[in-house]
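Everything below concerns the one structure shown next.
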Amino acid sequence: VVLMVVGIALFALTDVTTKWLSAGYGAAQVIAMRCGTALVVAGPIAWRQGGIAPRRLPLHLLRGGLIVCAAFSFFHAFARLPLFEAYVVSFTAPFMTMALAVPFLGEEVGASAWAWAGLGFGGVMIAVAPGLTGAGSAIGYGAALLGTASYAGMKIVTRRLGTGEGLAAAMAVPAALGVVVAGPLAAATWVTPPTEDAALLVLNGALWGIGNAVVTAAVRAAEASRIAPI
């Protein structure tokens, strides 16, 4: 639970920097820089730790694809919506996670978990209701929903993978996949950032990479139904 709280705090900082960067840079450039930063750190550590077992690679690729999909989706959501409106959509993730945990992980989700998730989501709705007009971009809301579903799916796949590899390996695959997907698109539309923006791009990548590693550790340590409401 503590790891999940820390991970969500790191993701919140990532989202704020992403919102800031979205005003001047495209999704591909931000995500390529983000994943490149994470790969530079996680790749050598994963290599020294023995990499990934070939038989587990398909699940790692599926998990990496979901993480990259969430990154692109949330970027477009944050670029088109006020941050709090995108967050209202993203806070449906606990319901999706717990619903997926039943058929795919065989976990039992108790009434208390549903109640806590509902209470948290209700609190968010109350907090933003005065300014929540619902008049934002339909593409933005759709992107936020797709990102939320991808994030929920990522937690289920992470739990399914277990602890066969270290956290560095768990981050190296999605980071490498993000570079492969976003890199060519970023090169075609590259905007040379000034020094302060370059530092912010690297910070965005560091926060994203550490946040994913911490959330991965949390998902490994507790059942999805236990941490989803957090």
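Using per-residue counts of other Cβ atoms within 10 Å, averaged over each peptide, order 14-23, 90-99, 42-51 from highest down.
90-99, 14-23, 42-51
Please work out whether the range 29-100 counts as rounded, prolate or oblate from its C-alpha gyration tensor, where a ≥ b ≥ c are the square roots of the eigenvalues and a/c under 1.5 means rounded, while otherwise a/b larger than b/c means prolate and anything else oblate? It comes out oblate by the Cα gyration axes.
Can you tell me which of 139-150, 186-197, 68-79 comes out highest on packing, and rank the rest after it, using the mean Cβ neighbours within 10 Å?
Taking the mean over residues of other Cβ atoms within 10 Å, the ranking is 68-79, 139-150, 186-197.
Where a ≥ b ≥ c are the square roots of the eigenvalues of the C-alpha gyration tensor, would you call the range 69-162 rounded, which needs a/c under 1.5, or, failing that, prolate if a/b is larger than b/c, or oblate? All intermediate terms of the calculation are to be shown ahead of the outcome.
Details: a/c = 3.31, a/b = 1.41, b/c = 2.34.
Oblate shape, in that a/c is at least 1.5 and b/c is the bigger or equal ratio.
Extension gain, LEU13-ARG48: 0.36 nm per intervening residue step, less the Cα-Cα distance, totals 9.6 nm.
Applying the Karplus relation 6.51 cos²θ - 1.76 cosθ + 1.60 with θ = phi - 60° to the range 33-44 yields 3J(HN,Hα) values of 5, 4, 5, x, 4, 5, 5, 4, 7, 7, x, x Hz, where x marks Gly and Pro.
Judged by the ratio a/c of the largest to the smallest principal axis of the C-alpha gyration tensor, the range 136-191 counts as oblate, that ratio being 1.5 or greater while a/b is no larger than b/c. Calculated accessible area for the chain comes out at 46 Å² per residue, all protein chains present (probe 1.4 Å; ligands, DNA, RNA ignored). Annotation for the range 41-101 versus the range 191-230: alpha-carbon center distance of 10 Å. Look at (i) 1.16; (ii) 0.96; (iii) 1.08: the one that is Rg/Rh (Cα atoms, Kirkwood Rh) derived from this structure is (ii). The string of couplings for the range 144-156 from the Karplus curve (6.51, -1.76, 1.60, θ = phi - 60°) is 5, 5, 5, x, 5, 5, 5, 5, 5, x, 4, 5, 5 Hz, one whole number per residue in order, with x for Gly and Pro.
Each Lys and Arg Cβ is given +1 and each Asp and Glu Cβ -1; about its Cα centre, the range 1-136 then shows a dipole of about 480 debye.
May I ask you to derive the relative contact order of the range 81-230, considering only C-alpha pairs under 8 Å and at least 6 residues apart, and to give it as an integer percent?
Here the relative contact order equals 44 percent.
Here the peptides 222-228, 169-175 are ranked by packing, the mean other Cβ count within 10 Å, and the order with the highest first is 169-175, 222-228. Charged side chains reduced to their Cβ positions (Lys and Arg at +1, Asp and Glu at -1) give the chain a dipole of some 480 debye around its Cα centre. Along the axis of the charge dipole computed for the chain (Cβ charges of +1 for Lys and Arg, -1 for Asp and Glu, origin at the Cα centre), the listed residues ALA53, HIS76, ALA27 are led at the positive end by ALA53.
Taking the 1.4 Å solvent-accessible surface of the range 19-92 as the whole, the part contributed by carbon and sulfur is 73%. Whole-Hz Karplus values for the range 109-123 come out as 9, x, 4, 5, 5, 5, 5, 5, 4, x, 5, x, 5, x, x Hz, taken residue by residue from phi with 6.51 cos²θ - 1.76 cosθ + 1.60 and θ = phi - 60°; glycine and proline positions read x.
The values are calculated or read from the model by the stated rules, or taken from the named source; none is laboratory data. Everything quoted here is computed from the prediction, not taken from an experiment. For neighbour counting, all protein chains shown are included, and Cβ atoms are generated from backbone atoms with ideal geometry for every residue, glycine included. What goes into the accessible areas is simple: the full protein's heavy atoms, side chains included, and nothing from ligands, DNA or RNA. Shrake-Rupley method; radii C 1.70, N 1.55, O 1.52, S 1.80 Å.
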